[in-house]
Every structure is written in C-alpha cells, then in structure tokens.
Amino acid sequence: MYQRLMEHLTTAVLLLDGELRLRWMNPAAEALLAISLSRLKGLPLSSLVDGGEEIGELLAKARDEFHPFTQREARLTLVTGEVLTVDYTVSPLSADELLLEVEPRDRLLRISREEALQTRQETIKVLARGLAHEVKNPLGGIRGAAQLLERDLDDPGLKEFTRIIIEEVDRLRDLVDSMLGPNRMIRHEPLNIHKVLERVRSLLIVEQPGVWIERDYDPSLPDLSGDESQLIQAVLNVARNAMEAMTEAGVASPRLTLRTRARRQFTLGAERHRLVCEVAIIDNGPGIPESLRETLFYPMVSGRAEGSGLGLSIAQSILHQHQGLIECDSEPGHTQFRLLIPLEKHHD
Ligand SMILES: Nc1ncnc2c1ncn2[C@@H]1O[C@H](COP(=O)(O)OP(=O)(O)O)[C@@H](O)[C@H]1O
Ligand SMILES: [Mg+2]
C-alpha cells in the first residue's frame, strides 16, 4: 500500500542507504532526474547528477546529526545536460535510511506563468471573437445590396465598383472567419502524428523547395486521438512561420527539423498526464523578435508587413481543443516550437 502511494506521488522521492547509495526512487523522481531506477540502483547519488556532491554533503550531515535539512534553489545538471533548479529536503529515517524529496522550481514557475498567460490570451480571444461577430453581421447585407445594384447597372465602369465591393466583402468575411477559428466541433479519431507531419512536409517542399527538412521521429509513439486536418493546420501554421522567417532573413542554409518524442509524467496546464506526444518544429532562422515574445500567440500580432497574425493564435486554439498547448523557445539561429498533446489522461 505504501509503495503504491509513493509510486503515485507527484513529488520526487528517493530512498538512500547509510552509504548514501540509491535504494529506491519513485516514478516522479525518475521523470524529474531523467534516469531510471534500474540504471541507478546501488550507485552513489553524486554519480547521478553534477552538483550531487553538494547534496551528498547535506545527506551525510543529516545522517550524522540525525536531523532533517532543506536546501532551496540548488542547481543540478542532469545526465541529459539539462540544468534544473530544485528545492530538496533530506530526512533521516533510521541510521541507514535517508529520505530525499526533490521539488523542481523551474517547471513550477513556468507552469504558473503559462496559466497567467493563458488567462490573458483567453480574454483577448473573447474580445476578438466579439469584434469579429460584429464585423461579420452586416457583411451579408452589404454584399446582397451590391449584387442588387450591379443588376441595375449597365455601365461596365460602374459595375467595376460593385465588383470591388463584393470582393472586398468576401475578403473581410474570410478574415473574420479565420479569426473566429474553426467553427465545427473537432473530431476525436485515432490518428498517427507522423502522418500529419509527412503531410505538412510534402506541402512545405512544394511551397519552399530550397529549405532542407529533417525528420527525427520516434516510431514508438502510439496513435493519439484527435482531428487530423486540424492538427495538420496547426503544424503547418507553425512550420510556415519558420520557413518564412528563414527565407526573409536570407539564411544561408535554411534547415527545418520536425521531431517527435514521448514525454512521460508531464504536466500540461493544471493536469498531469502519463504520456504526452511532443512535436518540435525547429528552425535556424533569425529568432522571434524580442518585441513579440510576450504577445506572440495573440490574434493579429504579426512581425511581417503582410501578416495577419492569426497563424499562431489558430494553432494554439487547435492545441487547446486537444487538451494540449504550444511552447516556444527562441534565440537567433535557433527557434523551437513544441506542440504538446496528451496521449493518455491520468487523473491523480
Ligand atoms: N519560427 C519563427 N521565427 C521567427 N519569427 C517567428 C517564427 N514564428 C513566428 N514568428 C513571428 O511571429 C509572428 C506571428 O506569427 P503568426 O501568428 O503566424 O502570424 P503571421 O505569420 O501572419 O505574421 C510572425 O509574423 C513572426 O514575426
Ligand atoms: Mg503565420
């Protein structure tokens, strides 16, 4: 019963012996430290992470003084090279048993920031939708009136004006429709994410033949449940931006990477999932302009003169409808968008 409890805790828990070697850790610890129990069992903690010596000292102190200690904001370098900032607590259970609890700081900070950002985005979207509806309502009337007028006109020079009215109304309607986002319910059908990516890839090759597109797929990823054409749209919106950014900046050897990975025990928004599909779209373009970073996913935010600023906002709506989200890291020469879609829900 206790073991089961420990296995389901979201807190990373490790058990060490008197020699400070690992005896056991729960899945949350495996996920956090990106290493499996079977690889680490019986090894000293310092072999698991850089910065382990410091933990080792505190562990020894806790053991020798038989007193619990907490260390805040310690930095650990994982075997993957990733650097984590963590809080950890060491509690001696007996002379040869120590309990170590590790809590990540970065990810917690990031999640709460994401939530704040998401709330703000939702507000903006509600506003944009309201405005879009108001603009759309009179369009039908304007178009109908222009058509009636056109019928009574003989002068082709005047007909040219009604034609302009009708065309511009249609353009406005299309713009407003895309602002309102997909208006049908999304489908939930089993689909293979690699089929989605292959489709996007073949479209991009036709659009921009000069760009090298690399595939780095995890073939073990299971099918996910979702809407294929919507996901194609989402990936395409993100990938097109990357292509446009690289082409516009005149990057010498433009390169786009489509990468898939499975992420275990991953928190999206407020929910933790056992398995999440990660699609990364990486380019070596100029990076996202600093001025756009905070508002990147808002509708009508664009860094390009002819841009609508709707691409990322739509992509994000689609991901939300799949209970997922989009993250972005960018610096000059390396921009990465990650689309995260839950594969399996896990209610704690
Ligand atoms: N991979 C990228 N590299 C550089 N800038 C990007 C990238 N992706 C998006 N951007 C910036 O974000 C802006 C918003 O993108 P988007 O919402 O698709 O609107 P649009 O493409 O119509 O401008 C783009 O105009 C561009 O400035
Ligand atoms: Mg775009």
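The values are calculated or read from the model by the stated rules, or taken from the named source; none is laboratory data. For clarity, every value in this text was computed on a predicted model and none was experimentally measured. Here Cβ is always computed from backbone atoms with ideal geometry, including for glycine, and neighbour counts include all displayed protein chains.
Here are the numbers:
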| read-out | value |
| --- | --- |
| Condition met for Ala239 (without any contact (Cβ under 8 Å) to a residue 40 or more places away in the chain and of a type in the set (Gly, Ala, Ser)) | no |
| Residue match in the stretch 234-248 (condition: in contact with a strand residue (DSSP E or B) (Cβ under 8 Å, 6 or more places away or on another chain) and in a loop (DSSP other than H, G, I, E, B)) | no |
| Within the stretch 144-189, tally of residues that are part of a helix (DSSP H, G or I), small (Gly, Ala, Ser) and either out of contact with any helix residue (DSSP H, G or I) (no Cβ under 7 Å at 6 or more places or on another chain) or under 17 Å from Gly311 (Cα atoms) (or both) | 4 |
| Of all residues in the stretch 270-294 being more than 25 Å from Val200 (Cβ to Cβ) and of a type outside the set (Asp, Glu), the one that is nearest to ligand 1 (Cβ to nearest atom) | Ser291 |
| Qualifying residue in the stretch 319-342 (condition: closer than 17 Å to Ala245 by Cα, more than 16 Å from ligand 2 (Cβ to nearest atom), modelled with pLDDT of 90 or more and surrounded by 21 or more Cβ atoms within 10 Å (Cβ to Cβ)) | no |
| Residue selected from the stretch 245-262 under the condition farther than 15 Å from Glu198 by Cβ and crowded, with 19+ Cβ neighbours inside 10 Å, by the criterion farthest from ligand 2 (Cβ to nearest atom) | Pro254 |
| Breaking point among (1) outside any helix (DSSP H, G or I); (2) in contact with a Phe, Trp or Tyr (Cβ under 6 Å, 6 or more places away or on another chain), for Thr89 | (2) |
| Neighbours by Cβ (under 6 Å, 6+ apart or cross-chain): first from the stretch 55-80, closer than 19 Å to Leu98 by Cα; second of a type in the set (Gly, Ala, Ser) and in a helix (DSSP H, G or I) | Gly56/Ser46; Phe69/Ala62 |
